[in-house]
Amino acid sequence: MTVLNSFLAEKGIYMLTAILFFLGMYGMVTCKNYMKKLICMNIMQVAVIFFFLCFGQKDGGTIPVSLGDLMAADDYINPLPHALMLTAIVVSLGTTGVGLALLMRMKDKYGSMEEDDIVKKEDDL
């Protein structure tokens, strides 16, 4: 039991990230409602951001601010993954906003957000 506990303590965060990513992917493939697909896409984006932020951490590292007693580069955490993920969060919000705007237009035009209903109404036109 202690082997399982130590494994989860060290690698559990990566398992959680993988579960979130594949849950989002499963939802994107199986859901027929476009709003649910957008939510699953956001879950996948959060999993990727979470994964990169976990990679940016190191044991015993501190923030990259010059401190008097820490002079070696190995003592600091690399700020690049965190900066890139801030950009990814902004892109994710933009993508979600555009997706919601498109969903609103689809709802106005077709009266539904279900894939089967929209395809059926499009074929009738």
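The values are calculated or read from the model by the stated rules, or taken from the named source; none is laboratory data. Quantities reported herein were computed from a predicted structural model and do not represent experimental measurements. Cβ coordinates were reconstructed from backbone atoms using ideal geometry, including for glycine residues, and neighbour counts include every protein chain displayed. Ligands, DNA and RNA are excluded from the accessible area calculation, which covers all protein heavy atoms including side chains. Shrake-Rupley method; radii C 1.70, N 1.55, O 1.52, S 1.80 Å.
Quick one: would you say Gln45 is polar (S, T, N, Q) and open to solvent by less than 90 Å² (accessible area, probe 1.4 Å)? It would help to see each step written out before you state the result.
On the way: polar (S, T, N, Q): yes; open to solvent by less than 90 Å² (accessible area, probe 1.4 Å): yes.
Yes; evaluated as a whole, the condition is true for this residue.
Select from the range 24-39 the residues that are in contact (Cβ under 8 Å) with a residue 24 or more places away in the chain and not hydrophobic (A, V, I, L, M, F, W, C) and write down the one among them that is most open to solvent (accessible area, probe 1.4 Å).
That would be Lys32.
Being modelled with pLDDT of 90 or more and more than 20 Å from Lys32 (Cα to Cα), is that true of even one residue in the range 70-85?
Yes, there is a match, as at least one residue in the range 70-85 is modelled with pLDDT of 90 or more and more than 20 Å from Lys32 (Cα to Cα).
Could you tell me which numbered condition Ala83 fails, if it satisfies all but one of (1) closer than 24 Å to Asp117 by Cβ; (2) out of contact with any helix residue (DSSP H, G or I) (no Cβ under 8 Å at 6 or more places or on another chain)?
(1)
When you scan the range 56-63, do you find a residue that is open to solvent by 80 Å² or more (accessible area, probe 1.4 Å) and in a helix (DSSP H, G or I), even just one?
Within the range 56-63, none of the residues are open to solvent by 80 Å² or more (accessible area, probe 1.4 Å) and in a helix (DSSP H, G or I).
Got a number for residues in the range 87-120 being open to solvent by less than 40 Å² (accessible area, probe 1.4 Å), more than 17 Å from Lys37 (Cα to Cα) and either of a type outside the set (Ser, Thr, Tyr) or touching a Pro at 6+ places or on another chain (Cβ under 8 Å) (or both)?
1
Among the residues of the range 1-15, write down those that are open to solvent by 100 Å² or more (accessible area, probe 1.4 Å) and under 21 Å from Phe51 (Cβ atoms).
The one that is open to solvent by 100 Å² or more (accessible area, probe 1.4 Å) and under 21 Å from Phe51 (Cβ atoms): Glu10.
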